[in-house]
Amino acid sequence: KYNHITGKWTIGQLDSKGSVMLKIVTRVNATGFTQNNASVKGREFDYNPSNNNDSASIDVPKTADVSVVKIVNNSNPNYWDTIKWTVIAKNNGPDKATSVSVEDILPDGLVLKWVNASKGVYDNRIWNVCCLEKGEEQTLEIICLVNKTGKITNIASITAEEVDLNKSNNEDNESIEVPLTVDLEVVKEVSNSSPFFGETVTWLISIKNNGPDTATNVTS
């Protein structure tokens with residue numbers, strides 16, 4: 001019988017040349033070096049005590065579950081509005097995360113105005129966070145101008161130096177839906193702004209669509 005609380009394996013009688021085996025299945029819940037020791041003893045005199053103890057060890061690499069969340073303050077902005085994206089980087093542990101970086105490439109339709117990082121530096125689409133302690137989270141604010149209509153999706157992804165066994169939260173995205181937009185322009189001209197009484201003048205009305213989309217049901 002094996003008592004997993006005390007770690008004692010009671011074998012009882014073991015005949016000469018006999019052998020038994022115990023298999024223990026465990027889950028690794030810590031990183032670094034771990035040594036597991038085993039020893040054996042019986043009632044009789046043991047003439048060779050040098051083999052009464054043995055050990056085996058494991059060396060688990062540093063592990064950090066880094067995650068990223070993407071949020072936008074306005075999911076239905078108008079053309080030429082200013083919106084703010086918030087990127088949240090977090091380390092769920094168990095170890096400290098180092099060389100943490102978040103890639104956030106603004107897609108076509110978003111023009112960067114300025115950024116604000118609670119930690120680290122944002123440069124050329126990459127937020128170099130540096131490091132995150134277990135449970136620590138930091139934020140990056142990206143303020144940009146919307147210059148395209150339709151659906152625009154912004155993606156953020158995070159990486160770290162340590163082993164990450166949960167990659168399902170290493171990427172996040174958020175979308176905005178910008179309604180169709182036009183800039184209709186009307187220009188009124190007259191052939192003679194100082195006519196005499198009874199003269200004929202011509203009025204010219206010009207309609208133009210400055211975009212970005214096609215104008216429909218246009219009336220004047």
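In table form, for the structure just shown:
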quantity: Range in the chain, longest, excluding exposed GluC sites (Glu not before Pro) [loop by DSSP; at most 12 other beta-carbon atoms within 10 Å]; calculated: 45-132
quantity: For residue 80, distant residues with modelled amide H under 5 Å away; calculated: 146, 147, 148
quantity: Placed amide H near residue 155: partners under 5 Å, 5+ positions off or other chain; calculated: 105
quantity: Cα centroid of the range 114-138 to Cα centroid of the range 81-109, whole Å; calculated: 7 Å
quantity: Chymotrypsin sites (Phe, Trp or Tyr not before Pro) lying in DSSP loop within the range 1-90, provided at most 16 other Cβ fall within 10 Å; calculated: 45, 47, 80
quantity: Total charge dipole magnitude, the range 92-176, about the Cα centre, Cβ charges on Lys, Arg, Asp, Glu only, Debye to nearest 20; calculated: 340 debye
quantity: The range 1-137, relative contact order [Cα under 8 Å, separation at least 6], %; calculated: 18 percent
quantity: Anchor residue 119: lysines whose Cα lies under 29 Å away (excluding residues fewer than 8 positions away in-chain); calculated: 62, 70, 84, 90, 96, 134, 167
quantity: Base-10 log of normalised Debye intensity for the range 122-220 (one unit scatterer per alpha-carbon) at q = 0.11 Å⁻¹; calculated: -0.64
quantity: Net charge dipole size for the range 49-106 [Lys, Arg +1 and Asp, Glu -1 on Cβ; Debye, nearest 20]; calculated: 240 debye
quantity: Translational diffusion of the range 56-177, µm² s⁻¹ [Kirkwood Rh, Cα pairs; Stokes-Einstein; 4 °C; 1.567 mPa s]; calculated: 86 µm²/s
quantity: Stretchable slack from residue 181 to residue 196, in nm (0.36 nm times residue separation minus alpha-carbon distance); calculated: 1.1 nm
quantity: Length released on extending from residue 141 to residue 23, taking residue separation times 0.36 nm less the Cα-Cα span; calculated: 37.2 nm
quantity: Solvent-accessible area, 1.4 Å probe, carbon plus sulfur percent, for the range 1-124; calculated: 49 percent
quantity: Positive-end residue of 82, 152, 56, charge dipole of the range 46-191 with Cβ unit charges; calculated: 82
quantity: Trypsin sites (Lys or Arg not before Pro) lying in DSSP loop within the range 6-105, provided at most 11 other Cβ fall within 10 Å; calculated: 17, 23, 27, 41, 43
quantity: Per-residue ³J(HN,Hα) for the range 136-144, Karplus 6.51 cos²θ - 1.76 cosθ + 1.60, θ = phi - 60°, Hz, x for Gly and Pro; calculated: 7, 9, 10, 10, 10, 9, 10, 9, 9
quantity: Per-residue ³J(HN,Hα) for the range 3-14, Karplus 6.51 cos²θ - 1.76 cosθ + 1.60, θ = phi - 60°, Hz, x for Gly and Pro; calculated: 9, 6, 7, 8, x, 9, 10, 8, 9, x, 7, 9
quantity: Ratio Rg/Rh [Cα only; Rh per Kirkwood] for the range 23-101; calculated: 1.44
quantity: Stokes-Einstein D in µm²/s, Kirkwood radius over Cα pairs - the range 1-63 at 10 °C with 1.306 mPa s viscosity; calculated: 110 µm²/s
quantity: For residue 65, residues with placed amide H under 5 Å, excluding near neighbours; calculated: 92, 93, 95
quantity: Accessible area in square angstrom per residue, the chain, 1.4 angstrom probe; calculated: 72 Å²
quantity: Within the chain: Cβ-based charge dipole about Cα centre, in debye rounded to nearest 20 (Lys, Arg +1; Asp, Glu -1); calculated: 1020 debye
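The values are calculated or read from the model by the stated rules, or taken from the named source; none is laboratory data. Only a predicted model underlies this, so the values are computations on that prediction, with no experimental measurement involved. Positions of Cβ are backbone-derived with ideal geometry, glycine not excepted, and every protein chain shown enters the neighbour counts. For the accessible areas, the whole protein counts, side chains as well, though only heavy atoms, and no ligand, DNA or RNA atoms are used. Shrake-Rupley method; radii C 1.70, N 1.55, O 1.52, S 1.80 Å.
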